[in-house]
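Here's the structure we're looking at; comments come further down.
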Amino acid sequence: MGFLDNTSITVDAVLTKKGRELLARGQNEFNITKFALADDEIDYNLWDVTHPNGSSYYGAVIENMPLLESFVDENQIMRYKLITLNKNTTKMPKINMGVTSPVPLNSGTTSIITPTTDNSTLDDQVGYRFTLHNSDAASLEVQVAGTEPDTGQTVNFTAPLDSTKSITINAKAAKLVGKSLNSAITTNLTIQGLGTGVVSNISVQTAVNSSTN
């Protein structure tokens, strides 16, 4: 990881392993149809309404902060995506998980995750995107289908130091089923509203299978 010099406008792009694979085939498979923006590196506590030079300088420190170089570990970047809301919105939507963190699991035990979104009805209508960061800990299944089709997509993280596997589904409610483990695993479950785009995370802990001790 490094920092970019923000004295000039720079676009820094890094392809994931899958992106490089599609590009290398040369069959016009590499077509960017969607993109997301995030502000992970911004500390809004630095907005200074007491700046002696007036309102034009309230954000001076933020605007002069170094920007992170792009990298492809989704555990570490793009965790705070920017979203578009109706201009009349007075309260930010917030996902209510319906369970406490961490979610405890044992071999074969289940936990039903039924999120709701405060201050918006969009997600409750269409559903959520559930991403379990390490599928070695548990399986992730559709409990209540949403209006968006479920792809059952499995994604391999491509960061050199992260060999875990994630699985993503679309649903209104999801079911976690703990797997039989010789060593305990703690991972994250990321939930994104398909209507609002708001994101929230919760920890998942799968204990060692007692029958293997």
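See the values below:
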read-out	value
Near pairs, Cβ below 7 angstrom, 6+ apart or cross-chain, from region 21-47 (more than 27 Å from Tyr58 (Cβ to Cβ) and in the same structural domain as Ala60 (by TED's automatic domain parsing)) to any residue that is among the small types (Gly, Ala, Ser) and surrounded by fewer than 10 Cβ atoms within 10 Å (Cβ to Cβ)	none
Residue in region 98-111 that is part of a loop (DSSP other than H, G, I, E, B), farther than 24 Å from Lys18 by Cβ, modelled with pLDDT under 85 and of a type outside the set (Gly, Ala, Ser) present	no
Some residue of region 161-175 being hydrophobic (A, V, I, L, M, F, W, C), in a loop (DSSP other than H, G, I, E, B) and modelled with pLDDT of 75 or more	no
Residue selected from region 12-35 under the condition closer than 15 Å to Phe71 by Cβ and part of a loop (DSSP other than H, G, I, E, B), by the criterion modelled with the lowest pLDDT	Asp12
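The values are calculated or read from the model by the stated rules, or taken from the named source; none is laboratory data. Keep in mind that this is a model prediction, so the values were computed, not measured. All Cβ positions, glycine included, derive from the backbone under ideal geometry; neighbour counts span all protein chains shown.
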